[in-house]
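The values are calculated or read from the model by the stated rules, or taken from the named source; none is laboratory data. In this text, all values refer to a predicted model and were calculated from it rather than measured experimentally. Here the Cβ positions follow ideal geometry from the backbone for every residue, glycine too, while neighbour counts run over all protein chains shown.
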C-alpha cells in the first residue's frame with residue numbers, strides 16, 4: 001500500500017500559486033539569481049480575530065540557481081549520502097534508460113533577506129507587488145502566494161515549477177552546442193566542467209578536493225591523474 005500524502009503538505013501544495021513568474025528561464029551557461037516575494041496570510045490571523053484589519057506576511061529572498069549540470073544515472077549512483085530507496089530508483093533508471101543516458105541536475109541555494117508584515121489581504125498584496133515588478137520590468141523577480149505555516153514547501157513548489165519551465169530551453173541550448181553527446185560514458189558538458197574546475201583550482205577559486213570528487217564520480221581519475229597532481233606542484 002502506497003504511503004498517504006500528509007494532508008497539511010497536500011493542502012500547502014494545492015494552495016500555493018505563482019502570481020508572477022520570472023520573465024526569463026534559468027540560464028544554461030551561468031548562475032541565475034531570482035528574487036522572490038512569498039506572500040502568505042499570517043498564522044496568527046486566527047488569534048487576532050475576524051474584526052482585525054487584514055495583514056499579510058511578505059518573505060523576500062533570493063534563490064540562486066547554479067549552472068545546470070549534465071549528469072547520467074551512473075554519475076548519480078556514485079554520489080554519497082543517498083539512502084537505499086534512492087539507489088533502487090537509480091538502478092531502475094540504469095536498467096530502463098542505460099547508465100549513460102544524459103539528464104540535467106539543478107542545484108539551488110536560498111538566500112533569505114527579510115520578512116515584513118504589510119496591510120492588505122495576501123491576494124491584494126501579491127497583486128500590488130506583481131504590478132510594481134511589471135512596471136519596473138524586473139525580469140528575474142517573482143511573486144508567490146503561499147501558506148504561512150509551510151512557507152518552505154510553497155517556495156520549493158515555485159522552484160520546481162521554475163526548473164520545469166527552464167529545462168526544455170536548457171536542453172535545447174546544450175544540444176545546439178553539442179554538449180549532450182556522450183563519449184565513453186561521459187557527457188561532453190561534464191568534461192567541460194572538469195576543465196573549468198581544473199582552471200579554478202589552479203587559480204585558487206576551487207579546492208583540489210572538488211576536482212578529485214568530480215573525477216571520481218565520473219571514474220576519470222586515472223585519465224586526469226597527472227593534471228590533478230600538477231595542482232600541487234610548486235606549492
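Which of the residues belonging to region 6-32 are touching a residue at least 60 places away in the same chain (Cβ under 8 Å) and under 14 Å from residue 106 (Cβ atoms)?
Passing the criteria: 25, 26, 28, 29, 32.
What's the number of the only condition in (1) in contact with a strand residue (DSSP E or B) (Cβ under 6 Å, 6 or more places away or on another chain); (2) closer than 30 Å to residue 230 by Cα that residue 146 fails to meet?
So the condition that residue 146 fails would be (2).
For residue 60, work out the one condition from (1) within 30 Å of residue 186 (Cα to Cα); (2) at pLDDT 95 or above; (3) surrounded by 15 or more Cβ atoms within 10 Å (Cβ to Cβ) it doesn't fulfil.
The one condition residue 60 does not meet is (1).
As an exercise: evaluate residue 178 against (1) modelled with pLDDT under 95; (2) within 27 Å of residue 97 (Cβ to Cβ); (3) assigned to a helix (DSSP H, G or I) and give the number of the one condition it does not meet.
(3)
For residue 19, state whether it is surrounded by 16 or more Cβ atoms within 10 Å (Cβ to Cβ), at pLDDT 90 or above, at negative phi and outside any loop (DSSP other than H, G, I, E, B).
Details: surrounded by 16 or more Cβ atoms within 10 Å (Cβ to Cβ): yes; at pLDDT 90 or above: yes; at negative phi: yes; outside any loop (DSSP other than H, G, I, E, B): yes.
Answer is yes for this residue.
Report, by residue number, each residue of region 187-235 that is outside any helix (DSSP H, G or I) and either free of Cβ contacts under 8 Å to residues at least 60 places away in the same chain or more than 23 Å from the chain's Cα centre (by Cα) (or both).
Hits for region 187-235 are 203, 204, 205, 206, 207, 219, 220, 233, 234, 235.
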